[in-house]
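Down below is the structure, laid out as structure tokens.
What follows is calculated from the coordinates using simple rules that are stated; it is not laboratory data. Please read these numbers as outputs of a predicted model, since none were measured by experiment. As a convention, Cβ positions derive from the backbone with ideal geometry for all residues, glycine included, and neighbour counts pool all protein chains shown.
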Amino acid sequence: MSMWSGRGRAPEVGETVASFRDYDGALKAVSKLIAAEVPARDIAIVGTALRSIEKVTGRLGWAQAAWAGALNGVLLGLLLGAMVVIWTPALPMGAFVGMLLLGVAMGMVFGLVNYMIVRRRRDFASVMQVTADHYEVAVERASVAKARQVLGTAPTQTERIDPVSLTEPPRFGVRIDPRTGAPVAPASADAASPAPASAEPASPAQPSAEPAPPADAASSEPQSAESDRPAHPDERA
């Protein structure tokens, strides 16, 4: 595995065909694509949302620094002993052991010197690891269709979002202004439009007609007139 320099331009990785939560899942997908004769140069694994995790393993002191230096010195002593044995095969076994002890001593000295330099700003031992939130398998455009067929993934459909009108009353819930995040009061159609003026003016009130006299009063007037007329002589006889 090789690393690109951070100063250079990142290579083109193509289109994402699958996403996995762990790195092992991405490795299995790449192996499956290569087995299906997808060109290996068209495949890339992209880790997104990278984060650095530093796991503290313990407190660091003089004894811990000397012990860690001695462990590293064992490797140095083995390397020196192997070089001596290769160059002079006639040397006794004690020379190889001496070189091993010399490497351990050198490692302890280096560990103590290193701790003396960094102990004022770092007094603990830790292990650094870089992880990603999820891993995407990307393939060049020429092999995207075949890669999706092998992995059984469907292309991602982009959802079209209509522009929001702040003057239109909300159809579902309360409309939120995307610039301020505050709810927007819907504009009322009745309040916005003025009341229509009446086309015809109101007609003036008509005077009420005279009430008709009652029927009993009209019939009583002729009877009173007959009673006032003088009686005829024949009628009196």
**OP:** Take the stretch 1-154, drop everything but the C-alpha atoms, weight them equally and run the Debye formula without solvent; then report log10 I(q)/I(0) at 0.13, 0.14, 0.17, 0.18 Å⁻¹ to two decimals.
**Re:** -0.80, -0.82, -0.92, -0.97
**OP:** Please work out whether the stretch 14-91 counts as rounded, prolate or oblate from its C-alpha gyration tensor, where a ≥ b ≥ c are the square roots of the eigenvalues and a/c under 1.5 means rounded, while otherwise a/b larger than b/c means prolate and anything else oblate?
**Re:** oblate
Original post:
If each of A40 and D133 carries a label point 7 Å out from its Cα toward its Cβ, how far apart are those two points in nm?
Top reply: 3.2 nm
Original post:
Arranged from highest to lowest average of other beta-carbon atoms within 10 Å per residue, in what order do the peptides 65-75, 19-29, 41-51 appear?
Top reply: 65-75, 19-29, 41-51
